[in-house]
Amino acid sequence: MRYQLKQIHCRPWTLSYLSVKLIESHYENNYGGALRRLNAISEQLESLDFANTPGYVLNGLKREELVALNSTLLHELYFASLGGDGQPTKTMSEILARDFGSFDRWRAEFRAMGYALGGGSGWVLLTYVPRDGRLMNQYAAEHSQAVASGVPILALDMYEHAYHMDFGANAKAYVDTFLRNVDWPGLELRYEDAAKVPAPRRLEQPEFGDVQGVTVEEVKEMLAGGKPVQVIDVRPRAAFSREQEVADGVKWRDPEQLQQWIGELSKSEPVVVYCSYGFHVGCKTAIKLREAGFDARYVNSGHSGWKALGAPMRLVP
């Protein structure tokens, strides 16, 4: 089984006091690293002859699979937890008051748990426990710890990679900044899903209608298989000039100059475009291309998705 990247829910430039550099490094190196490790472990497990595999080999692989899978899942929830204004919705305030005595008491406990992990490592999670029909704050000192059957709906990453680049050793400032950036409407939706016990609902972008998105993995397979597809990097010039690198086999084109390069494209082959993270620029460019008669889609994790997968890059002078 191969696991796929999820696109960043939060838009780094909307966060207060969390730098784009920190978020990108976290996504590409830590989340992407966990996913790559998970897929490598899965491939090893699929190749085993279990009847002739020593127990210690199987135990080690399954232990590492658990760690890598939980790291992947918790990082996805962490990014989905960010991108808001930190103001709790009325519904979530009432639910937290029901389960913790008051909203302020929940926040005080959650914050104190984050402070206590400063200088250490682990996660602080707000988790729905179907057995009891209530929320609880839980530690996960390692990726392999979880409440059995629990459904986490909010994740605070307290490993140093999540904050050291911006905050140094000041973990308390990072915890406070995280709480100021919580996406409470999104958290409320995840609670609704958890209370029904289906998986948390997928991120939706209704403002872009029915424009079809594709994953980085799907595009990579198209290119590797020699399928006719035109892949265009349409990151804004400011974002592109910061890194000046593109994925191998891909051309960068300025989305503001669409009318100048649209004539380079063939309408007989599908077009796939992507921006930095898989949000507005990529979607809007795909819409314009579709309006011009192209079979166009956007990559839903953008340039960061390519890098998180470890795709080869080349510098563009």
Q: State all residues of region 253-279 that are surrounded by fewer than 17 Cβ atoms within 10 Å (Cβ to Cβ) and of a type outside the set (A, V, I, L, M); if no residue qualifies, say none.
A: Asp254, Glu256, Gln257, Gln259, Gln260, Trp261, Gly263, Glu264, Ser266, Lys267, Ser268, Glu269
(Q) Anything in region 152-189 that is closer than 18 Å to Thr89 by Cα, out of contact with any Ser or Thr (no Cβ under 9 Å at 6 or more places or on another chain) and surrounded by 17 or more Cβ atoms within 10 Å (Cβ to Cβ)? List them, or say none. (A) Leu189
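Which residue, of Arg190, Arg180, is out of contact with any strand residue (DSSP E or B) (no Cβ under 6 Å at 6 or more places or on another chain) and charged (D, E, K, R)?
One residue alone meets the criteria, Arg180.
Out of the residues in region 78-133 meeting the condition of being in a helix (DSSP H, G or I) and in contact with a Lys or Arg (Cβ under 7 Å, 6 or more places away or on another chain), tell me which one is farthest from Tyr163 (Cα to Cα). Full working, then the answer.
Keep residues of region 78-133 that are in a helix (DSSP H, G or I), which gives 78-81, 90-100, 103-116.
Checking which are in contact with a Lys or Arg (Cβ under 7 Å, 6 or more places away or on another chain) leaves us with 99, 115.
Values: Asp99: 29, Tyr115: 13 Å.
Residue satisfying both the conditions and the ranking: Asp99.
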**Q.** Cβ-Cβ under 6 Å pairs, at least 6 apart or on other chains, region 235-249 side over 18 Å from Tyr298 (Cα atoms), far side surrounded by 15 or more Cβ atoms within 10 Å (Cβ to Cβ) and among the hydrophobic types (A, V, I, L, M, F, W, C)
**A.** Glu245/Met313
Q.
Which numbered condition in (1) open to solvent by less than 60 Å² (accessible area, probe 1.4 Å); (2) touching a Leu at 6+ places or on another chain (Cβ under 9 Å); (3) among the small types (Gly, Ala, Ser) is the only one that Ala146 fails?
A. (1)
**Q.** Failed condition for Gly263, given (1) small (Gly, Ala, Ser); (2) at pLDDT 90 or above; (3) under 24 Å from the mean Cα position of the chain (by Cα)
**A.** (3)
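Pull up region 22-47, narrow it to residues that are among the hydroxyl-bearing types (Ser, Thr, Tyr) and touching a residue at least 24 places away in the same chain (Cβ under 8 Å), then point me to the one that is most open to solvent (accessible area, probe 1.4 Å).
So the first thing to find is which residues in region 22-47 are among the hydroxyl-bearing types (Ser, Thr, Tyr), and the list is 25, 27, 31, 42, 47.
Checking which are touching a residue at least 24 places away in the same chain (Cβ under 8 Å) leaves us with 25, 27, 31, 42.
Details: Ser25: 31, Tyr27: 2, Tyr31: 1, Ser42: 7 Å².
Step by step, filter region 22-47, then rank; the result is Ser25.
The values are calculated or read from the model by the stated rules, or taken from the named source; none is laboratory data. Every value quoted in this text rests on a predicted model; they were computed, and no experiment measured them. No Cβ is skipped: glycine too gets one built from the backbone with ideal geometry, and neighbour counts run over all protein chains shown. To get the accessible areas, we keep the full protein, side chains included, count just its heavy atoms, and leave off ligands, DNA and RNA. Shrake-Rupley method; radii C 1.70, N 1.55, O 1.52, S 1.80 Å.
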